[in-house]
Amino acid sequence: MWATAVGVARVRALESQRENALFRDPLAQAFATAGGLWPSSPPLPDDEAARRRWLAVAFSIVIRTKFLDDLLQQASASGVRQVVLLGAGMDSRAFRMDWPEGTRLFEVDTAAPLDFKASVLRQERAVARCERITVAVDLREDWPAALATAGHDPTVPTVWIAEGLLIYLPEDAVELLLARISAQSAAGSWMGLTLGSRGVIERFAADAVPGSAASMWLSEMPDDPVGWLAGHGWEADSHTVRERAAAYGRPISTPPQREERPGGLIAAVRR
(Lines give C-alpha, C1' and ligand atoms only; values in the text may rest on other atoms or scores of the structure.)
Protein backbone atom coordinates (compact mmCIF):
# COMPACT_ATOMS: atom_id res chain seq x y z
CA MET A 1 0.00 0.00 0.00
CA TRP A 2 2.94 2.34 0.52
CA ALA A 3 3.23 2.90 -3.24
CA THR A 4 -0.03 4.82 -2.76
CA ALA A 5 1.93 7.20 -0.52
CA VAL A 6 4.23 7.85 -3.47
CA GLY A 7 1.15 8.77 -5.50
CA VAL A 8 0.15 11.22 -2.77
CA ALA A 9 3.62 12.74 -3.00
CA ARG A 10 3.04 13.22 -6.72
CA VAL A 11 -0.12 15.19 -6.02
CA ARG A 12 1.77 17.34 -3.52
CA ALA A 13 4.53 17.90 -6.05
CA LEU A 14 2.00 19.16 -8.60
CA GLU A 15 0.44 21.49 -6.04
CA SER A 16 3.87 22.82 -5.06
CA GLN A 17 4.43 23.94 -8.66
CA ARG A 18 1.36 26.19 -8.62
CA GLU A 19 1.92 29.91 -8.30
CA ASN A 20 -0.74 30.13 -5.58
CA ALA A 21 0.13 26.80 -3.91
CA LEU A 22 -1.56 26.10 -0.58
CA PHE A 23 1.72 24.57 0.62
CA ARG A 24 5.22 23.92 -0.69
CA ASP A 25 6.66 20.41 -0.44
CA PRO A 26 10.20 20.51 -1.88
CA LEU A 27 10.73 16.78 -1.34
CA ALA A 28 7.51 15.58 -2.94
CA GLN A 29 8.89 15.37 -6.48
CA ALA A 30 11.88 13.32 -5.30
CA PHE A 31 9.60 10.88 -3.47
CA ALA A 32 7.28 10.66 -6.48
CA THR A 33 9.94 9.84 -9.04
CA ALA A 34 12.51 7.83 -7.03
CA GLY A 35 12.92 4.24 -8.13
CA GLY A 36 10.68 4.69 -11.15
CA LEU A 37 7.54 4.02 -9.12
CA TRP A 38 5.78 7.02 -10.58
CA PRO A 39 6.36 8.63 -13.98
CA SER A 40 7.48 12.23 -14.04
CA SER A 41 4.28 13.24 -15.86
CA PRO A 42 1.62 10.59 -15.26
CA PRO A 43 -1.18 10.72 -17.82
CA LEU A 44 -4.72 11.30 -16.66
CA PRO A 45 -7.11 8.40 -17.25
CA ASP A 46 -8.66 8.31 -20.72
CA ASP A 47 -12.12 7.53 -19.36
CA GLU A 48 -13.89 10.78 -18.48
CA ALA A 49 -15.55 9.40 -15.35
CA ALA A 50 -12.25 7.94 -14.14
CA ARG A 51 -10.53 11.24 -14.90
CA ARG A 52 -13.08 13.15 -12.80
CA ARG A 53 -12.62 10.71 -9.93
CA TRP A 54 -8.83 11.06 -10.10
CA LEU A 55 -9.06 14.85 -10.07
CA ALA A 56 -11.48 14.73 -7.12
CA VAL A 57 -9.13 12.53 -5.11
CA ALA A 58 -6.13 14.73 -5.96
CA PHE A 59 -8.07 17.85 -4.96
CA SER A 60 -9.05 16.29 -1.63
CA ILE A 61 -5.39 15.39 -0.94
CA VAL A 62 -4.37 19.02 -1.46
CA ILE A 63 -7.13 20.34 0.81
CA ARG A 64 -6.50 17.78 3.57
CA THR A 65 -2.76 18.54 3.48
CA LYS A 66 -3.42 22.24 4.07
CA PHE A 67 -6.01 21.44 6.75
CA LEU A 68 -3.59 19.26 8.72
CA ASP A 69 -0.72 21.72 8.25
CA ASP A 70 -2.88 24.37 9.91
CA LEU A 71 -3.87 22.00 12.71
CA LEU A 72 -0.23 21.18 13.44
CA GLN A 73 0.63 24.87 13.59
CA GLN A 74 -2.24 25.49 15.99
CA ALA A 75 -1.20 22.60 18.21
CA SER A 76 2.40 23.84 18.26
CA ALA A 77 1.21 27.35 19.13
CA SER A 78 -0.72 25.86 22.06
CA GLY A 79 2.54 24.39 23.41
CA VAL A 80 2.45 20.81 22.12
CA ARG A 81 5.95 19.55 21.39
CA GLN A 82 5.26 15.89 20.52
CA VAL A 83 4.00 14.98 17.06
CA VAL A 84 3.07 11.46 15.92
CA LEU A 85 2.37 10.73 12.26
CA LEU A 86 0.60 7.37 11.99
CA GLY A 87 1.15 5.68 8.65
CA ALA A 88 3.58 8.46 7.82
CA GLY A 89 4.29 7.37 4.25
CA MET A 90 6.11 10.09 2.30
CA ASP A 91 5.07 12.87 4.69
CA SER A 92 7.77 15.56 4.73
CA ARG A 93 6.40 17.86 7.40
CA ALA A 94 9.50 17.30 9.56
CA PHE A 95 11.47 18.95 6.76
CA ARG A 96 9.15 21.54 5.27
CA MET A 97 7.40 23.10 8.28
CA ASP A 98 8.80 25.46 10.90
CA TRP A 99 8.78 23.79 14.32
CA PRO A 100 9.27 25.33 17.76
CA GLU A 101 12.46 24.40 19.55
CA GLY A 102 12.13 21.12 21.43
CA THR A 103 9.65 19.53 19.03
CA ARG A 104 9.97 15.75 18.62
CA LEU A 105 8.26 14.24 15.60
CA PHE A 106 7.68 10.49 15.40
CA GLU A 107 6.99 8.87 12.04
CA VAL A 108 5.26 5.51 12.49
CA ASP A 109 5.10 3.15 9.52
CA THR A 110 6.32 -0.26 8.39
CA ALA A 111 9.98 -0.76 7.49
CA ALA A 112 9.58 -0.81 3.69
CA PRO A 113 8.26 2.75 3.21
CA LEU A 114 10.57 4.11 5.91
CA ASP A 115 13.60 2.53 4.22
CA PHE A 116 12.54 3.84 0.80
CA LYS A 117 12.00 7.26 2.30
CA ALA A 118 15.38 7.22 4.04
CA SER A 119 17.15 6.50 0.74
CA VAL A 120 15.46 9.49 -0.91
CA LEU A 121 16.21 11.75 2.05
CA ARG A 122 19.90 10.78 1.88
CA GLN A 123 19.93 11.44 -1.85
CA GLU A 124 18.36 14.87 -1.32
CA ARG A 125 20.57 15.64 1.70
CA ALA A 126 17.40 16.64 3.52
CA VAL A 127 17.74 18.08 7.02
CA ALA A 128 14.82 17.88 9.45
CA ARG A 129 13.73 21.07 11.20
CA CYS A 130 12.91 19.22 14.42
CA GLU A 131 13.98 16.03 16.15
CA ARG A 132 12.68 13.33 13.81
CA ILE A 133 12.34 9.76 15.06
CA THR A 134 11.22 6.90 12.85
CA VAL A 135 9.34 3.97 14.38
CA ALA A 136 9.19 0.89 12.15
CA VAL A 137 6.12 -1.07 13.23
CA ASP A 138 2.91 -2.36 11.68
CA LEU A 139 -0.13 -0.52 13.05
CA ARG A 140 -1.83 -3.90 13.43
CA GLU A 141 0.80 -4.78 16.05
CA ASP A 142 1.61 -3.21 19.44
CA TRP A 143 2.69 0.11 18.03
CA PRO A 144 2.16 2.03 21.33
CA ALA A 145 4.92 -0.08 22.91
CA ALA A 146 7.22 0.59 19.97
CA LEU A 147 6.42 4.30 20.17
CA ALA A 148 7.18 4.34 23.91
CA THR A 149 10.49 2.56 23.31
CA ALA A 150 11.35 5.28 20.77
CA GLY A 151 10.83 7.92 23.44
CA HIS A 152 7.21 9.05 23.24
CA ASP A 153 5.93 10.37 26.60
CA PRO A 154 2.17 9.82 27.05
CA THR A 155 2.10 12.04 30.15
CA VAL A 156 2.53 15.22 28.08
CA PRO A 157 0.34 16.39 25.20
CA THR A 158 0.77 14.95 21.72
CA VAL A 159 -0.61 15.97 18.36
CA TRP A 160 -1.60 12.88 16.37
CA ILE A 161 -2.08 12.81 12.61
CA ALA A 162 -3.79 9.94 10.78
CA GLU A 163 -3.96 11.20 7.20
CA GLY A 164 -5.41 9.03 4.47
CA LEU A 165 -5.16 6.04 6.80
CA LEU A 166 -8.43 5.09 8.41
CA ILE A 167 -10.26 4.45 5.14
CA TYR A 168 -7.94 1.47 4.57
CA LEU A 169 -8.78 -0.13 7.93
CA PRO A 170 -11.84 -2.23 8.81
CA GLU A 171 -14.14 -0.64 11.38
CA ASP A 172 -12.90 -2.74 14.31
CA ALA A 173 -9.31 -1.74 13.52
CA VAL A 174 -10.35 1.93 13.39
CA GLU A 175 -11.91 1.61 16.84
CA LEU A 176 -8.79 -0.09 18.20
CA LEU A 177 -6.53 2.57 16.73
CA LEU A 178 -8.59 5.36 18.27
CA ALA A 179 -8.67 3.60 21.65
CA ARG A 180 -4.89 3.26 21.56
CA ILE A 181 -4.40 6.90 20.59
CA SER A 182 -6.72 7.98 23.38
CA ALA A 183 -4.86 5.86 25.94
CA GLN A 184 -1.60 7.59 25.00
CA SER A 185 -3.02 11.13 25.01
CA ALA A 186 -2.64 13.50 27.94
CA ALA A 187 -5.15 16.32 28.38
CA GLY A 188 -4.38 19.04 25.86
CA SER A 189 -3.48 16.59 23.11
CA TRP A 190 -4.65 17.26 19.56
CA MET A 191 -5.69 14.93 16.77
CA GLY A 192 -6.15 15.41 13.05
CA LEU A 193 -7.99 12.70 11.11
CA THR A 194 -9.20 12.21 7.58
CA LEU A 195 -12.22 9.94 7.24
CA GLY A 196 -13.83 8.50 4.15
CA SER A 197 -17.05 10.45 3.63
CA ARG A 198 -20.30 8.52 3.46
CA GLY A 199 -20.84 6.96 0.05
CA VAL A 200 -17.25 7.42 -1.12
CA ILE A 201 -16.61 3.68 -1.42
CA GLU A 202 -19.76 3.21 -3.49
CA ARG A 203 -18.79 6.08 -5.80
CA PHE A 204 -15.09 5.32 -6.21
CA ALA A 205 -14.32 1.70 -5.36
CA ALA A 206 -17.04 -0.11 -7.32
CA ASP A 207 -15.12 0.04 -10.61
CA ALA A 208 -11.67 0.69 -9.15
CA VAL A 209 -8.70 -0.96 -10.84
CA PRO A 210 -7.44 -3.94 -8.77
CA GLY A 211 -4.46 -2.84 -6.71
CA SER A 212 -5.37 0.84 -6.90
CA ALA A 213 -5.89 2.89 -3.75
CA ALA A 214 -9.68 2.95 -4.12
CA SER A 215 -9.80 -0.84 -4.46
CA MET A 216 -8.38 -1.09 -0.92
CA TRP A 217 -10.82 1.28 0.78
CA LEU A 218 -12.72 -0.47 3.57
CA SER A 219 -14.41 1.92 5.98
CA GLU A 220 -16.30 5.19 5.90
CA MET A 221 -16.89 7.73 8.62
CA PRO A 222 -19.64 7.24 11.19
CA ASP A 223 -22.87 9.18 10.71
CA ASP A 224 -21.95 11.41 13.67
CA PRO A 225 -18.15 11.71 13.80
CA VAL A 226 -18.23 14.44 16.46
CA GLY A 227 -20.38 12.28 18.75
CA TRP A 228 -18.23 9.25 18.01
CA LEU A 229 -15.09 11.07 19.09
CA ALA A 230 -16.82 12.56 22.14
CA GLY A 231 -17.38 8.99 23.27
CA HIS A 232 -13.63 8.52 23.23
CA GLY A 233 -12.98 11.72 25.20
CA TRP A 234 -12.26 14.13 22.35
CA GLU A 235 -13.89 17.47 21.56
CA ALA A 236 -14.01 17.50 17.78
CA ASP A 237 -14.95 19.70 14.84
CA SER A 238 -15.89 18.20 11.48
CA HIS A 239 -15.37 19.91 8.13
CA THR A 240 -16.10 18.98 4.53
CA VAL A 241 -13.56 19.33 1.76
CA ARG A 242 -15.98 21.79 0.12
CA GLU A 243 -16.03 24.00 3.25
CA ARG A 244 -12.26 24.04 3.64
CA ALA A 245 -11.64 24.51 -0.07
CA ALA A 246 -13.79 27.65 -0.05
CA ALA A 247 -11.95 28.94 3.01
CA TYR A 248 -8.61 28.40 1.25
CA GLY A 249 -9.69 30.27 -1.87
CA ARG A 250 -10.23 27.11 -3.93
CA PRO A 251 -14.03 26.93 -4.06
CA ILE A 252 -15.62 23.92 -5.75
CA SER A 253 -17.67 25.32 -8.61
CA THR A 254 -20.01 22.38 -9.07
CA PRO A 255 -22.96 22.07 -6.69
CA PRO A 256 -23.09 19.02 -4.41
CA GLN A 257 -24.68 16.03 -6.12
CA ARG A 258 -26.34 14.92 -2.91
CA GLU A 259 -27.00 16.24 0.56
CA GLU A 260 -23.61 16.79 2.16
CA ARG A 261 -23.27 15.06 5.50
CA PRO A 262 -20.71 15.86 8.20
CA GLY A 263 -17.26 16.10 6.67
CA GLY A 264 -14.26 13.83 6.86
CA LEU A 265 -11.70 16.43 7.95
CA ILE A 266 -11.54 16.19 11.73
CA ALA A 267 -9.76 18.39 14.28
CA ALA A 268 -10.03 17.25 17.89
CA VAL A 269 -8.66 18.19 21.31
CA ARG A 270 -8.37 15.90 24.34
CA ARG A 271 -10.05 17.41 27.38
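The values are calculated or read from the model by the stated rules, or taken from the named source; none is laboratory data. On a predicted model such as this, the values are computed, not experimentally measured, just so you know. Note: ideal-geometry Cβ built from the backbone for every residue, glycine included; neighbour counts use all protein chains shown. Quick note on the areas: whole protein, heavy atoms, side chains included, nothing else; ligands and nucleic acids left out. Shrake-Rupley method; radii C 1.70, N 1.55, O 1.52, S 1.80 Å.
Figures for the structure shown
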quantity	calculated
Among residues of segment 156-174, those that are in a helix (DSSP H, G or I) and surrounded by 14 or more Cβ atoms within 10 Å (Cβ to Cβ), counted	5
Subset tally (residues that are at pLDDT 90 or above and of a type outside the set (Phe, Trp, Tyr)) for segment 174-204	20
Tally, over segment 175-187, of residues that are open to solvent by less than 30 Å² (accessible area, probe 1.4 Å), in a loop (DSSP other than H, G, I, E, B) and under 22 Å from Ala94 (Cα atoms)	1
Qualifying residue in segment 107-130 (condition: open to solvent by 10 Å² or more (accessible area, probe 1.4 Å), in a helix (DSSP H, G or I) and touching a Ser or Thr at 6+ places or on another chain (Cβ under 8 Å))	yes
Which listed residue, of Ala230, Ala245, is more than 21 Å from Tyr168 (Cβ to Cβ), under 20 Å from the mean Cα position of the chain (by Cα), modelled with pLDDT of 95 or more and small (Gly, Ala, Ser)	Ala245
Residues (out of contact with any helix residue (DSSP H, G or I) (no Cβ under 9 Å at 6 or more places or on another chain) and either open to solvent by 40 Å² or more (accessible area, probe 1.4 Å) or closer than 19 Å to Leu169 by Cβ (or both)) located in segment 87-106	Glu101, Gly102, Arg104
Considering residues of segment 55-64 that are farther than 16 Å from Glu243 by Cβ and touching a residue at least 40 places away in the same chain (Cβ under 8 Å) only, the residue most open to solvent (accessible area, probe 1.4 Å)	Val57
Qualifying positions in segment 131-155 - in contact with a helix residue (DSSP H, G or I) (Cβ under 8 Å, 6 or more places away or on another chain), in a loop (DSSP other than H, G, I, E, B) and either surrounded by fewer than 15 Cβ atoms within 10 Å (Cβ to Cβ) or among the hydrophobic types (A, V, I, L, M, F, W, C) (or both)	Val137, Leu139, Arg140
Segment 70-81, residues that are of a type outside the set (Gly, Ala, Ser) and open to solvent by less than 10 Å² (accessible area, probe 1.4 Å)	Leu71, Leu72, Val80
From the options Asp70, Asp91, Asp46, residue that is at pLDDT 95 or above and part of a loop (DSSP other than H, G, I, E, B)	Asp91
